[in-house]
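Structure first, commentary second.
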Amino acid sequence: MRIVRLVGSAVTAIVLLGVFFRLEGLHARILLAVWPQYPDALPFQGGSMWQMGVRTVQLVLLSTFLCTAIGIPLGIIATRPRYRDEWAPVVNSLVNAGQTIPSLAIVALALPLLGFGFVPALVAMVLYGLLPVLRNTAVALENVDRAQLDAGRGMGMTPWQLLWMVELPHSIPVILAGIRTSAVLNVGVAVIAGLIGAGGFGAAIVHGIDLRVPPLVWYGAVPTALLAIILDFFLRRLEEILTPRGLRLGTKRP
Amino acid sequence: MSDSVIVFEGVSKVYGRKKAVDNLNLSIRPGETCVLIGPSGCGKTTTLRMINRLVEPSAGRILINGRPNDAVPPEELRRQIGYVIQGVGLFEHLTVAQNVGVVPRLLGWPQSRIQERVEELLALVGLEPAVFRNKYPRQLSGGEQQRVGVARALAADPPILLMDEPFGALDPITRERLQSELLEIQRVVKKTIVFVTHDMHEALKLADRIAILRDGRLVQYDTPERILWRPADEFVQDFVGGDRALKALGLIPVTRVMEPAANGKARTAGPTGSAGQERRRPGEHAEAALAAGSVPATVPATGTLRDALSAAILNGLGDTPVVDGEGNVVGWIRRERLLGVLAAFPGQEAAP
């Protein structure tokens, strides 16, 4: 039942985006009609909307996946009793420092260190998007009800069983919210990554700004915004569906 | 000593410079309910948590069935000891049935056996399985949650049950009811129970033996009767309270001073039931009250001498009816007998 709803949401999101990207001719005509003074602006030489869309989605999904795969284990490690005392402050200051650095700076730093292209952009996005996942995982695990932890331990759960059977199920909503934040953030960084040749919608936007051609900027910006909104919507649904039923009862989460 | 289930041998626990538990020697007999009681910070919870090694002692050792409790890994030890806490700690993402089945699942029981056991236990703690099985903790009242907590602790049929202020967060009425139910359950399951509380009333009601702790030291370990009649020192005396004699009366069943109603001819102690029934020769006061159509104070047959005294006072120390669950008079409390028993008390009842 859950899996059906999950797949349903995913298919809806993909179809909506796919259709929008495929209608590039229509978008181009509308934009050129609004800005008739730039007749040569579109089609964009850097690639079709479909190609840019695929590249952007690749960047976002891959970076979000890596953020999740790295951030959740780090958050778990940072909250284990053995490491908590040393690691919790480190994680905290890292998260705080990380959020004060603009994404533009991260991308700019990636350029001299890693060069141009897809991989440097991906690395920058992972670095930036890691923090929300890490922070939310650590916060969620820190806030699991003490009584339930005490009960679990007192009933003879090993630390792993406690993590798997009690702590993680309770942390799912907050961890997923972190992943959602990270994913939406990464859409924005993916655009900025256009500066270092990562491709995607960023290429059109950067190019459009360079050449002072508004329709080109719009040609990249509108599908980017749509991608962010649909991603956010889908991940909210994912949170709802994956949150254990017993936790959705009674108290409402903001 | 050797037949004790749990034995503390010179156990201490030191936190920094504070001795939470100081050279504790205590043995708890099988099937008994041992209540640990004392003011906050007396070390009672620490003592309890050392039994299942949620806290490791700084010195001394704890034997469970003659074996040191650190002879096996802590998780293995804990799965054989039921654990109930004040916060209940039901897993909110699991159903009632899944909560009760946690320890059996950890022990690798087959699913069918777990299911069977869950049904059995829910019934035991007074929760209709068909109604509660698939509910989630957040859908339950506090009292229902703690019933599930007790069922969960009993799931793998552990010989020992540790209860850390399990009813502390409940309203007084629910608390009383759960205490009574615990006594009922204990009559069936006959566990060795270690129960922590700071409520003397609760201790007196539940305990076979009470251990009074102060600043980590055992002050007195005795039956409730002896604690009340023979407090070991001024601290215990103060702790049990100035009304300890009345509390002691609360330990004696009313049947001890009751004069049974003759011929088992039960009557109803209300104006309606009394009409037309054969009149025995009960006390004048109650008789007058019955005749006048007013209800005299009555004592339930399951009550205590304390209840009897209270009701007798309300009846002007006149004869007081003892009634069963349906309101039938099963006996009488007579002034002379009551006063005689009270006058004879401290000497008689101090014996263990």
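Nothing in this text is a laboratory measurement; each read-out follows from the coordinates by a stated rule. Since this is a predicted model, take the numbers as computed values, not measurements. Glycine also receives a Cβ, built like all others from the backbone with ideal geometry; neighbour counts cover every protein chain displayed.
Size of chain A: Rg and Dmax of its alpha carbons, in Å, are 21.1, 74.
Counts of other chain beta carbons within 10 angstrom of each beta carbon in peptide B:73-82 average 3.
Normalised Debye scattering of segment B:15-153 at q = 0.10, 0.16, 0.20 Å⁻¹ gives log10 I(q)/I(0) of -0.43, -0.96, -1.21, counting only Cα atoms as equal scatterers and leaving out solvent.
Please compute, over every Cα-Cα pair in chain B, the percentage with a separation greater than 27 angstrom. Counting pairs separated by more than 27 Å, the tail of P(r) holds 56 percent. Between the helical axis of A:103-114 and the longest alpha-carbon principal axis of chain A there is an angle of about 80 degrees. Each residue of segment B:108-176 gets 110 Å³ once the volume of the Cα convex hull is shared out per residue.
The mean number of Cβ atoms from other chains found within 10 Å of a Cβ in peptide B:87-98 is 6, as a whole number. Remark: mean inter-chain Cβ contacts per residue of B:104-111 equal 1, using a 10 Å Cβ-Cβ cutoff to other protein chain atoms. For trypsin sites (Lys or Arg not before Pro), the sites in segment A:185-254 that DSSP calls loop and that have at most 13 other Cβ atoms within 10 Å are A:Arg212, A:Lys252. The region of chain B that goes longest without hitting one of the trypsin sites (Lys or Arg not before Pro) in a DSSP loop, each with at most 12 other Cβ atoms within 10 Å, is B:18-189. Restricting attention to the protein assembly as shown, close to 60% of DSSP beta bridges with both partner residues there are antiparallel. Can you give the calculated 222 nm mean residue ellipticity of chain A, where each DSSP H run of n ≥ 4 adds -39,500 (n - 2.57) and the sum is split over every residue, rounded to the nearest 500 deg cm²/dmol? So the calculated ellipticity at 222 nm is -26500 deg cm²/dmol. For the pair segment B:109-168 / segment A:53-87, the C-alpha centres are spaced 38 Å from each other. Taking the square roots of 5 times each eigenvalue of the Cα gyration tensor of segment A:7-81, largest first, gives ellipsoid semi-axes of 39, 15, 9 Å.
Per residue, how big is the convex hull around the C-alpha atoms of segment A:106-254? Give it to me in cubic angstrom, could you?
124
Segment A:102-144 gives an Rg/Rh value of 1.18, both radii derived from C-alpha positions and Rh following Kirkwood.
Roughly how many whole Å is it from the C-alpha centroid of segment B:195-255 to that of segment B:1-50? What the calculation gives is 17 Å, centre to centre.
Mind pulling the per residue volume of the convex hull built on the Cα atoms of segment B:114-222? Å³ is fine. Taking the convex hull of the Cα positions in segment B:114-222, it is 114 Å³ per residue. Cα-based radius of gyration for the protein assembly as shown, normalised by 2.2 N^0.38 Å, reads 1.41.
Kirkwood Rh over Cα pairs of segment A:1-137 into Stokes-Einstein at 25 °C, 0.890 mPa s: D in µm²/s? Using the Kirkwood radius from Cα pairs, D works out to 134 µm²/s.
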